[in-house]
Amino acid sequence: MDNASPVLSIAEWTLAAVSSKERAAEVVGDHLEQHGSIFSLWLSILRIAFARQWRWLIALPAAGLAGAPALAPYTTMWVAKDFAKGFAEGFAGSPQTQVSNSLSQPMDMALTGLVLASVAVCLWSVSALALLRYGLRSPIARLSGVLATLFTLGSCCMGGHHVLAFVLPVLAVVVALALVDSQGRRVLGCITLAGTAFWGAFLLIATTLARIVLIGGAREANAVALTGYTLCLLAEACVLAQSRRWLRLA
């Protein structure tokens, strides 16, 4: 609305962001015809926004919880225990090369497992967001759920070579089948964009908070981690919604 007041322009822009430009213009136009108050206008905007976006309010916390189990093994002290065990066994064998080999093997496995778990966390969050926002029939929810399961299995079973020998070929087959189909390529692109937004936001937020926040204890560290994780999920949700529109996915 060209001649509208700044308050009405902001209200229309806000409503267009959560619904559509046509719906926003219609609501503001009805408000002007009825000579309603600003309070009633914003009440209508909040009501429409909640009616159209309430699924995101459920999807965001669910996505935050969905990826937690994938990282749970790496929040304990089992890695340190493996290091200590490897050191003790190597020391008992005397040669320094044996000590080095004993330490490097669990360390390499832990780092590889952590990388796989990090990818799984991102995939689980994408799957939860797509599932609760767009439903079970969403191809994004299904494909990201399958990929998240495979990455989680690979992360949790780093010591089991037979399991990895099964997981890696299945993962390759799933990705290959998705790339063959045109819709599958769009779905993979959408998942990739959402995941990139998640980790890009993580790196940006971690770098920024490390420079401006003085962490004096566990409480501050937990608050910073929770804030950063929430912002990463918001960035992922925004990119997921936009890329889904761009790629015209169901």
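Only the coordinates and a few stated rules stand behind these numbers; no lab work does. Just so it is clear, the model here is predicted, and its values are computed rather than measured. As a convention, Cβ positions derive from the backbone with ideal geometry for all residues, glycine included, and neighbour counts pool all protein chains shown.
Some observations on this one:
- Spin-label model, Ile38 to Ala172: label points 7 Å out along the Cα-to-beta-carbon direction sit 6.3 nm apart.
- Radius 14 Å from Cβ of Leu136, net charge of other residues (Lys, Arg +1; Asp, Glu -1): +4
- Three-way shape call for segment 6-45 based on the alpha-carbon gyration tensor, with the a/c threshold at 1.5: prolate
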